[in-house]
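Peer 1: Input: one structure, supplied below.
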Ligand SMILES: CC(C)(COP(=O)(O)OP(=O)(O)OC[C@H]1O[C@@H](n2cnc3c(N)ncnc32)[C@H](O)[C@@H]1OP(=O)(O)O)[C@@H](O)C(=O)NCCC(=O)NCCS
């Protein structure tokens, strides 16, 4: 093949580090293996030095230094974790990275219906299914094997953990956190920055900023 005809890979830098950051790096690697023109360049990390590496990738600076990187670099936010979504979202917003510089990562093994709306900066991991009519807000994260039911809605910064299920018309507010193996029953609403615990099954609406645990899920905090 004529090498000049090949598409130049889009360089992607992840804000974050071990854990969530390396999950995102793996998605980029799998996209590249599947023939997509992307490459994982490195991390921006506020806690580790520039002479260190994360998973073999270089640390290119702190998150505040994003603008010093080349103009063709896209950024992916992997700063999220249970209990700190609101603070991390505020940190990310304060960086004022333009929308067009956000990298959306979609693993090649996902099954996504044609009409699903996906916001910028989202990550959808391996073997996720998004059913018709689903809407995924910007900077959301959907982990391996999760199922986003038909007409379900995820707000910005929402997280859906591995193997979790949102049934049809379920709604997760901004920064809502659906932990691994949790289930949100059809038409239930989860308020912003609420947490549904690992393995919990929610049959009722969940208030903003609350934590629900168990099956049937009960409010814990
Ligand atoms: C909801 C959650 C945040 C609560 O964590 P926490 O506030 O640290 O709570 P603790 O671990 O101190 O547990 C408090 C009590 O609730 C129980 N509990 C905690 N999580 C539970 C769950 N998911 N289901 C049932 N009981 C649970 C604990 O056993 C403990 O019971 P005890 O008081 O009788 O000993 C946590 O359980 C959870 O679901 N985390 C998500 C993990 C995750 O997303 N990991 C990354 C993705 S792989």
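Peer 1: With springs only between Cα atoms under 10 Å apart, run a GNM on the chain and tell me which of 121, 35, 16 wobbles the most.
Peer 2: In this elastic network of the chain, the residue with the biggest mean-square fluctuation among 121, 35, 16 is 35.
Peer 1: Follow-up question, since we're still on this one. Among 154, 22, which comes first, then next, by fewest other beta-carbon atoms within 10 Å? Mind showing how you got there, number by number?
Peer 2: Working: 154 30, 22 20.
With the sparsest Cβ surroundings first, the list reads 22, 154.
Peer 1: Can you tell me the equivalent ellipsoid semi-axes for the chain? Use √(5λ) from the Cα gyration tensor, largest first, whole Å. Please list the in-between numbers first.
Peer 2: Working: eigenvalues 186, 81, 39 Å².
Each semi-axis is √(5λ); the values are 30, 20, 14 Å.
Peer 1: Relative contact order for the chain: what is it in percent, counting Cα pairs under 8 Å that are at least 6 residues apart?
Peer 2: Values: 606 pairs, mean separation 23.5, N = 221.
The normalised contact order for the chain reaches 11 percent.
Peer 1: Show me the ranking of peptides 6-12, 85-91, 190-196, 39-45 by mean Cβ neighbours inside 10 Å, starting with the highest.
Peer 2: Highest mean packing first, the order is 190-196, 39-45, 85-91, 6-12.
Peer 1: For region 3-101, go through all pairs of different Cα atoms, get the mean of 1/r, take its inverse, and jot down that Kirkwood value in Å.
Peer 2: On the way: mean 1/r = 0.0711 Å⁻¹.
14.1 Å is the Kirkwood radius here.
Peer 1: Here's a follow-up. Do the sum for the chain: with -39,500 (n - 2.57) for every DSSP H run of n ≥ 4, divided by all residues, what is the mean residue ellipticity at 222 nm, to the nearest 500 deg cm²/dmol? Provide the component values of the computation, followed by the final result.
Peer 2: Numbers: 2 runs with 24 residues, N = 221.
Helices in the chain give a 222 nm mean residue ellipticity of -3500 deg cm²/dmol.
Peer 1: Could you tell me the relative contact order of region 3-101? Use alpha-carbon pairs under 8 Å, at least six residues apart, and round to a whole percent. Let's see the in-between values first.
Peer 2: Details: 139 pairs, mean separation 30.4, N = 99.
The normalised contact order for region 3-101 reaches 31 percent.
Peer 1: Modelled label-to-label distance, residue 7 and residue 198, 7 Å Cα→beta-carbon offset: nm?
Peer 2: Placing both labels 7 Å along Cα→Cβ, they lie 3.8 nm apart.
Peer 1: How much length is gained on full extension from residue 117 to residue 187, taking 0.36 nm per residue of separation minus their Cα-Cα distance? Before the final figure, lay out each step's value.
Peer 2: Numbers: separation 70, 0.36 × 70 = 25.20 nm, distance 1.85 nm.
Result for the pair: 23.3 nm of gain on full extension.
Peer 1: Can you give the log10 of the normalised intensity I(q)/I(0) at q = 0.20, 0.27, 0.28 Å⁻¹, computed with Debye over equal Cα scatterers of region 47-117?
Peer 2: -1.11, -1.32, -1.33
Peer 1: Ratio of region 54-176's C-alpha Rg to 2.2 N^0.38 Å, to two decimals?
Peer 2: Working: Rg = 14.7 Å, N = 123, 2.2 N^0.38 = 13.7 Å.
The value comes to 1.08.
Read-outs: derived from the displayed coordinates by stated rules, not from any lab. What you see is a predicted model, and the numbers here were worked out from it, not measured in a lab. Don't worry about glycine lacking a Cβ; one is built from the backbone with ideal geometry, like all the others, and counts go over all protein chains shown.
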